[in-house]
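Asks: Structure incoming, see below.
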Amino acid sequence: MSGKLVTIFGGSGFIGRYLVRHLAAQGWRVRVAVRDTAQAGFLKPAGNTGQIALVPCSVTDEAAVAKAVAGADAVINLVGILFERGGRTFQRIHVDGATIVAKAAAAAGVKRLLHLSALGADDQSPSSYARSKEAGEMAVRNAFPGATIFRPSVVFGTEDGFFNLFGAIAAWFPALTFFTNAHPHSPTGGGPKFQPVYVGDVVEAMAQALTGEGHAGKIYELAGPRVYDMREIMHIVNRETQRKRMVWGVPFLLAEIGAMVLQFLPKPLLTPDQVKLLRLGNVATGRRPGLAVFGITPTTVEVVVPTYLKRFRPTQQTKKLRLQAR
Ligand SMILES: NC(=O)c1ccc[n+]([C@@H]2O[C@H](COP(=O)([O-])OP(=O)(O)OC[C@H]3O[C@@H](n4cnc5c(N)ncnc54)[C@H](OP(=O)(O)O)[C@@H]3O)[C@@H](O)[C@H]2O)c1
């Protein structure tokens, strides 16, 4: 099989699966470095026979990472975690792991390195997730100065962990709750603001940065066309799930108390560090270039989110639609 070779760390995740499909369609040979190759087997049909290879690797294993990047023209690191568990700390994954990948890419003579960070990466942030993302960026740039760094806002798409979470809450609970510091009925009481970006736009920008000129050493902020506060997001969820739940603003203090308990779930719904992050919102600063540099018109929430939130509609609704169609 001919074509350039790209190694993708984190290729089995939400954003990764779109990137693997996109690059395979462009003719890249894709080597996906994953901890569990059996679980990532679903990626194989995204390419022709032999086009997508799965190799076992953790970003914290220097020897395995060196093997995974050997012979690659480009390397992409998408690995990230939202909460810490045992040895899987933000420092270990976002900083040490990112350093190992960047050093290995430099040592292997790889031409392009793309690194996925996050909007809000900041060494002064109260959130250790955001501080570790900034430290990871610094470490990557030290080891591989030409690395291109992407900072997306919250990413939406069929398998996302954002709209789907609220869709599931709408399906199972009587209210959609958001957190706010102001009175919830005041104009400023809609809670923190977000600028959700479509996963397809994120991977298109990354694909262009792999082959286009002028992206080395740059940091891009990837954000959607509109800013929403949490109350607006809840109204979108209510509308698209057709659940008519009460949208309820509560003080952040309740989020802090809830997170103290919820953080102990095997896959926590909310941790104290996520509450710190949530308070800040996630909107592009405008100080960095964004999707426009790639000629991408950002896709709106209104176009994509209804296509997958409809799965949370009442079953009666689906039945009614079926009957109407007869
Ligand atoms: N989704 C968003 O809204 C969003 C917003 C801003 C920034 N980001 C950043 O974008 C990146 C990708 O996000 P995502 O939503 O696609 O995350 P995701 O669905 O959780 O995927 C993370 C990927 O990392 C892999 N991974 C975790 N630990 C690993 C390790 N030690 N070694 C090798 N692979 C490991 C996971 O594979 P296994 O665990 O199966 O091994 C998975 O493939 C992350 O860095 C995230 O911080 C995401």
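Asks: Peptides 147-157, 254-264, 122-132, 233-243: what's the order by average Cβ count within 10 Å, highest mean first? Can you show the working numbers first?
Replies: Working: 147-157: 24.4, 254-264: 14.8, 122-132: 18.1, 233-243: 20.4.
The packing order, highest mean first, is 147-157, 233-243, 122-132, 254-264.
Asks: Mind jotting down a quarter of the surface of the convex hull over the alpha carbons of segment 5-152, in square nanometres, one decimal?
Replies: Here the figure is 8.2 nm², rounded to one decimal.
Asks: To the nearest 0.05, how large is the calculated FRET efficiency for residue 175 and residue 293 if R₀ is 56 Å and r is the Cβ-Cβ distance?
Replies: Using R0 = 56 Å, I get an efficiency of 0.85.
Asks: Another question, then. Order by neighbour count: 89, 285, fewest other Cβ atoms within 10 Å first, most last.
Replies: 285, 89
Asks: In the chain, how many lysine pairs have Cα atoms under 22 Å apart, counting only pairs 8 or more places apart or on different chains?
Replies: 22
Asks: Tell me, rounded to the nearest percent, the portion of alpha carbon pairs in the chain spaced more than 24 Å apart.
Replies: On the way: 30003 of 52975 pairs.
More than 24 Å apart: 57 percent of the Cα pairs in the chain.
Asks: Using only DSSP helix segments of four residues or longer, with each worth -39500 (n - 2.57), what per-residue ellipticity at 222 nm results for the chain after dividing by its residue count and rounding to 500?
Replies: After summing the helix terms and dividing by residue count, I get -11000 deg cm²/dmol.
Asks: Return the whole-Å distance between the Cα centroid of segment 254-326 and the Cα centroid of segment 86-139.
Replies: What the calculation gives is 24 Å, centre to centre.
No value in this document is a laboratory result; all are computed from the given coordinates. Just so we're clear, the structure is a prediction, and the values are computed from it rather than from any experiment. Don't worry about glycine lacking a Cβ; one is built from the backbone with ideal geometry, like all the others, and counts go over all protein chains shown.
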